[in-house]
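Chemist: First the structure, which I've put down as structure tokens, then a few questions once you've had a look.
The values are calculated or read from the model by the stated rules, or taken from the named source; none is laboratory data. Remember, it's a predicted structure, so these values are computed and weren't measured experimentally. Cβ sites come from the backbone with ideal geometry, for glycine too, and all protein chains shown count toward neighbours. Side chains included, ligands, DNA and RNA excluded: accessible areas come from the protein's heavy atoms. Shrake-Rupley method; radii C 1.70, N 1.55, O 1.52, S 1.80 Å.
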Number of protein chains: 2
Amino acid sequence: MSSEATAKASSETPQPTPPPNAKDVESQNQTPPPGYSVVGIFRRWRHEDISKKGTFGLRGSALLFSLLAFIIMASNRHGDWRDYNRYEEFRYELAIAILSSIYNGFQVWRQYRLISTGKELLSFSDQNLALIDFVGDQIMAYLLISAASSAVPMTNRMREGADNAFTDSLAASISMEFFAFFILGSSAILSGYKLVKSSCI
Amino acid sequence: MSSEATAKASSETPQPTPPPNAKDVESQNQTPPPGYSVVGIFRRWRHEDISKKGTFGLRGSALLFSLLAFIIMASNRHGDWRDYNRYEEFRYELAIAILSSIYNGFQVWRQYRLISTGKELLSFSDQNLALIDFVGDQIMAYLLISAASSAVPMTNRMREGADNAFTDSLAASISMEFFAFFILGSSAILSGYKLVKSSCI
């Protein structure tokens, strides 16, 4: 908006190259300068800022919910039948929560490093990175909904008979995993969009 | 390949507009003619044939597997505890199989109509159609994996104790639903690719 306004102003008043306006117009018409100049960094920030911070936020929330699901489920041992370890669906749910925590932790660390230092951790081309992001997000989303869904029927059945700390923790952990699924599903759509965009420009 | 060859031939032999070659070159340089001319139909077939038949085949297979999952589960009533109707996960699995059959049946019918008559059933823009396809495929894929996953633990538990026609049918129906999920997941990726492609050209 502001850059448009300055561009318009500079085209309406044809001054013979005043320093600040000329710099603006120059930075608009040129191909993107490399990342080590201040202008280049600013331009890259303006262009990629929203999408980068968006995925960073999504992955951060997914990490939070996965960790919650993992912790709540792992600490859910109250002896006898009230032990998650005796049911395969809850063990599966825990395994996927751990996997999702590791995946999202890695992605958050990678993107934090990218935002703060501007350096990419993995030495692949942009398109391959987008492909890795998309495939990872999509597979994790499928795994999360699969794990959460598989744990629901047994929990329902238990809650019909008894309603105690064990079943409440189960429900909480499953809910957290569903939240993580919704977030990673959105993230997968965003990554897929970036992937196709990067291949068709 | 063949159109390139004819174009090359016509550029190598500069005859003063012979009727057949001129028609070829004209049909290459023009914008796509509407669908009621023979040349237009042929050109559209050549361009969109593979992707259209690809999605048609995918949706057809998904319809087949959904129908199988639906029929096997719905006929799986052997009295007493061997009745799918007494377990919520199997009722859910059946519901999603029916939903997937309806969705895929509609899509197959729509695409068959499009391929055979060239007319689109829904009066939306191409981009909105691609969006509808993508959203539908993706949601159905998530529902299918959710339903199949939720039915697995109870089936495993039953098969530990007994191994009869009931549990075998359960396993068969769940497998069919997993196949349908894999196919619709691929279809969702294809639809998403088309959606972004259509918006960035």
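Chemist: Ordering B:73, A:176 by accessible area with a probe of 1.4 Å, largest first, what comes out?
Modeler: A:176, B:73
Chemist: Additional query: From the label point of residue B:157, set 7 Å from Cα along Cα→Cβ, how far away are the matching label points in the other copies, in nm, ordered shortest to longest?
Modeler: Inter-copy label distances (nm, one decimal, shortest first): 0.2.
Chemist: Here is the link list: A:53/B:53; A:119/B:52; A:197/B:52. Which ones come out longer than 31 Å on Cα distance?
Modeler: In this structure, A:53/B:53; A:119/B:52 exceed 31 Å between Cα atoms.
Chemist: Tell me the label-point distance for the pair residue B:81, residue B:98, using the 7 Å Cα-to-Cβ offset, in nm and rounded to one decimal.
Modeler: Between residue B:81 and residue B:98, the label points sit 2.7 nm apart.
Chemist: Still on this structure: Nearest beta-carbon of A to the rotation axis carrying it onto B: which residue, how many whole Å?
Modeler: Rotation axis A onto B, closest Cβ, rounded to whole Å: A:196, 2.
Chemist: Please state the Cα pair-distance histogram of segment A:49-200 with 5 angstrom bins from zero: what percent is in each bin?
Modeler: Answer for segment A:49-200: a P(r) of 2, 10, 18, 20, 15, 11, 9, 6, 5, 3, 1, 0 percent.
Chemist: Using the crude model of +1 on Lys and Arg Cβ and -1 on Asp and Glu Cβ, and no other charge, please compute the dipole size for segment A:99-201 relative to its Cα centre, in debye to 20.
Modeler: For this selection, approximately 300 debye.
Chemist: Between copies, how far does the label point of residue A:71 sit from its twins, in nm, shortest first, when each point is 7 Å from Cα along Cα→Cβ?
Modeler: Inter-copy label distances (nm, one decimal, shortest first): 5.1.
Chemist: Ignoring everything but the protein chains, give the 1.4 Å probe accessible area of residue A:193 in square angstrom, nearest 10.
Modeler: 100
Chemist: Now, a different point. Calculate, for residue B:121 and residue A:198, the FRET efficiency according to 1/(1 + (r/R0)^6) with r their C-beta to C-beta distance and R0 30 Å; round to the nearest 0.05. Don't jump to the answer; show the numbers that get you there.
Modeler: Details: r = 33 Å, r/R0 = 1.10.
Efficiency computed from Cβ-Cβ geometry: 0.35.
Chemist: Can you tell me what percent of all Cα-Cα pairs in segment A:136-188 are more than 13 Å apart?
Modeler: So the pairs more than 13 Å apart make up 56 percent of the total in segment A:136-188.
Chemist: Specify the inter-centroid distance of segment B:88-111 and segment A:126-201, based on alpha-carbon positions, in whole Å.
Modeler: 22
Chemist: A further question on this structure: List, shortest first and in nm to one decimal, how far the label point of residue A:199 (7 Å from Cα along Cα→Cβ) is from its counterparts in the other copies.
Modeler: Listed shortest first, these distances are 1.7 nm.
Chemist: Shifting gears a bit: Among residues other than residue B:155 whose Cβ falls under 15 Å from its Cβ, what is the net charge (Lys/Arg +1, Asp/Glu -1)?
Modeler: -4
Chemist: Moving on to the next point. By the scheme Lys and Arg +1, Asp and Glu -1, what is the net charge of all other residues having a beta-carbon under 12 Å from that of residue A:140?
Modeler: Surrounding charge for residue A:140 is -2.
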